[in-house]
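Note sheet for the following structure.
FYI, it's all coordinate maths here, none of it is from the lab. As the structure is a computational prediction, the values presented were derived from the model and not from experiment. Every residue, glycine as well, gets a Cβ built from its backbone with ideal geometry; the counts of neighbours run over all protein chains shown.
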């Protein structure tokens, strides 16, 4: 663990990203204590500029709602959507990739053609169609993001499993009579955790962007405050109230950037040989 943290901390960008990410998580957790009123509540007159009133540091939106409260509560939605959709994507992509890579042959061909079908359709366009079909809600958004995000997981794991299935410890497990499912679960998958963890951090960032984009287009859950919803609410008044769209956009930018920086740091820490070659 000490060696892992030492390698991770050598990447200054990753440390900065981790600090930003921790701040976002802390704000999302303490949001109900910082802002006791609902983020939907009208608390003042509309269009109060930022930094003009101590009680409303970031100003108010076109409906007179506290923008800072909306950002704090929106952080919870964005992070939860990103994490849950990534977990669902992994639950779909890992078994498909592992089975395709381990058995090969016609099984690999069928599963990879199935994967390529989803990759042939633009991810965001497919997500828009799926959310529109299922009706916009937090559940349909998570499911849609998961459906468009699992193919890269399957392809990555397929390649990792194909490189591991000819190793001595796998052949020894086969000769000892272990079942294929046991070999995949206990022998192969533990050795593929590093690339999966790195990819997962990137997928959370991509999921946050997709959710924000869907909410901006009016396909988000209208009962839940999110960063994309706030940007969408402010796009019609962006000239007279620039801050309504600027601050949630900045929050999305910093969070996605932080996740990508953390992903690079994890890659350096979990794959020290590749990190040294890159340098």
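When 129, 198 are sorted by how many other C-beta atoms sit within 10 angstrom of their C-beta, beginning with the fewest, the order is 129, 198. The modelled label-to-label distance for the pair residue 45/residue 242, using points 7 Å beyond Cα in the direction of Cβ, is 2.2 nm. By the helix-only formula, in which each DSSP H run with n ≥ 4 contributes -39500 (n - 2.57) and the sum is divided by residues, the chain has a 222 nm mean residue ellipticity of -24000 deg cm²/dmol.
Taking the centroid of alpha carbons for each part, segment 187-254 and segment 39-55 are 23 Å apart. How large is the translational diffusion coefficient of segment 1-40 in µm² per second when you combine the Kirkwood radius over alpha carbon pairs with Stokes-Einstein at 4 °C and 1.567 mPa s? Answer from the Stokes-Einstein relation: 107 µm²/s.
Just to confirm the number: angle between the C-alpha axis of helix 138-164 and the first principal axis of the chain, 0 to 90 degrees, nearest 10? Helix 138-164 sits at roughly 30 degrees to that axis. Take each peptide in 181-190, 142-151, count the other Cβ atoms within 10 Å of every residue, and average; sorted highest first, the result is 142-151, 181-190. Footprinting exposure proxy ranking of 202, 162, fewest other C-beta atoms within 10 angstrom first, gives 162, 202.
Cβ-to-Cβ counts within 10 Å put 111, 83 in ascending order as 83, 111, the fewest first.
Which FRET efficiency value, to the nearest 0.05, do you get for residue 194 and residue 133 by plugging their Cβ-Cβ distance into 1/(1 + (r/R0)^6) with R0 = 35 Å? For residue 194 and residue 133, the calculated efficiency is 0.45. With respect to the chain, whose longest principal axis is taken over its alpha-carbon atoms, helix 193-216 is tilted by about 30°. Highest GNM mean-square fluctuation among 110, 25, 128, for the chain modelled with Cα contacts below 10 Å: 110. Among 49-60, 85-96, 257-268, sorting by the average number of other beta carbon atoms lying within 10 angstrom of each residue, highest first, gives 257-268, 85-96, 49-60. Compared with the alpha-carbon gap, the fully stretched path from residue 185 to residue 166 is longer by 5.3 nm at 0.36 nm per residue. Given the options 244, 107, 84, which has the most mean-square fluctuation in a GNM of the chain, springs set between C-alpha atoms less than 10 angstrom apart? Maximum fluctuation in the GNM of the chain, among the listed residues, is at 107. Mind giving me the FRET efficiency for residue 107 and residue 6? R0 is 35 Å, r the Cβ-Cβ distance, nearest 0.05 is fine. Using R0 = 35 Å, I get an efficiency of 0.25.
If you compute Cα Rg over 2.2 N^0.38 Å for the structure shown, which of (1) 1.03; (2) 0.98; (3) 1.18 do you land on? So the structure-derived entry is (3).
Compared with the dominant principal axis of the Cα atoms in the chain, helix 123-134 is inclined by about 70°.
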